[in-house]
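> Once you've had a glance at the structure underneath, I'll fire off some questions.
What follows draws every value from the coordinates through simple rules; no lab data is involved. Note that the structure is predicted; figures quoted are calculated from it, not measured. A quick note on method: Cβ atoms are made from the backbone with ideal geometry, for glycine too, and the neighbour counts reach across all protein chains shown.
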Amino acid sequence: MSTGSAIFLIVAAFVTAAISGVFGMAGGLMLKGALALILPVSATFVVHGLLQLVANGWRAILHRRHVDWRIVGVFAMGAFAAGGVMAFIALEPTKATLFLLMGLAPLLVWIPPAWLKLDAAKPAQALVCGLMVTGVNLTAGVAGPLLDIFFVRTALTRHQIVATKAATQIFSHLMKVAVYGAPLIAVGGKGLPPWWVFAVAVPLSMVGTAVGGIALNRMSDVNFKRYLRLILTGIGILYLIQAGHLYWHGEG
């Protein structure tokens, strides 16, 4: 990895962690796209999983008093089940398909809540949430918009939403690291950044998460949901354009 790419990855880890610290997602979607520009597809899953594991874990710790652990526990069961199934399926999308899936994912936030009666606070739906979100995470690499659908109808505050989603994503990203990391380790970590990049990016992602938490405290619940939808839509459009470009040049 070149020095320029390493610096790009480190800066992206900080900035996207800060964004996720405010909205509980969007940052992960941005980070995945940034990684796809400089790393092989399989490596993006591992690096994204590791960095997001730290960012989400630290966010859950910072807001631990707001976490609904009942939801997290049931979600984790679904996540482990999905990871176990996907570990036996050799499914690695091309870079064009990856951008296509990432571009389509944000469109889920525009589905009217009345169309779907989903509520992560209900145990059965929390289990389904764990299965679906982890499954999508292992194919598209990101599943924040899908996760959000299960929280739109809950009675949770913005702090509870951000904290609980962060805690659930710990398990989702663990599955991603395990499923894609094992094959890469078997071939000597081909395509992965050097260890010192992680040594710098990990603490910076923790700092970014803390910075995002400060911004979250100053935002109202109304603006929280409004800005999140607009940011996700903008990211999705950019990824769809990139997917179209790659397919057009025969890289799909």
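> So, by mean Cβ neighbours within 10 angstrom, what's the order for 92-103, 230-241 with the highest one leading?
Taking the mean over residues of other Cβ atoms within 10 Å, the ranking is 92-103, 230-241.
> Okay, moving on. Is the C-alpha gyration tensor of the chain telling us rounded, prolate or oblate? Criteria: a/c under 1.5 is rounded; beyond that, a/b larger than b/c is prolate, otherwise oblate.
rounded
> Between GLU251 and LYS117, what FRET efficiency follows from the Cβ-Cβ distance if R0 is 35 Å, with the result rounded to 0.05?
Working from the Cβ atoms, E equals 0.30.
> May I pose another question? Quick one: which of 1-14, 171-184 comes out on top by average Cβ neighbours within 10 Å, and what's the full order, highest first?
Top of the packing list down: 171-184, 1-14.
> At 20 angstrom or more along the helix axis (alpha-carbon based) and mean Kyte-Doolittle of -0.5 or higher, what helices does the chain contain? Whole DSSP H runs only.
The qualifying helices are 3-23, 41-62, 69-86, 123-137, 158-186, 195-217, 221-248.
> Once you charge only the Cβ atoms, +1 for Lys and Arg and -1 for Asp and Glu, what is the size of the charge dipole of the stretch 1-149 about its Cα centre, to the nearest 20 debye?
Magnitude of the dipole: close to 240 debye.
> Taking R0 as 35 Å, what FRET efficiency do you get between ILE89 and ILE7 from their Cβ-Cβ distance, rounded to the nearest 0.05?
Rounded to the nearest 0.05, the efficiency is 0.50.
> Sticking with this one: If you place +1 on the Cβ of every Lys and Arg, -1 on the Cβ of every Asp and Glu, and leave all else neutral, what size is the dipole of the stretch 3-248 about its Cα centre, to the nearest 20 Debye?
Here the size comes out at about 440 debye.
> Relative contact order of the chain, please, whole-number percent, based on alpha carbon pairs below 8 angstrom and at least 6 residues apart.
It rounds to 39 percent for the chain.
> Using the charge dipole of the chain (Lys, Arg: +1 at Cβ; Asp, Glu: -1 at Cβ; taken about the Cα centre), state which of THR44, ILE170, ALA114 has its Cα farthest towards the positive end.
ALA114
> Is the stretch 151-203 rounded, prolate or oblate when judged by the Cα gyration tensor, a ≥ b ≥ c being the square roots of its eigenvalues, rounded requiring a/c under 1.5 and prolate requiring a/b larger than b/c?
Note, shape of the stretch 151-203 comes out oblate.
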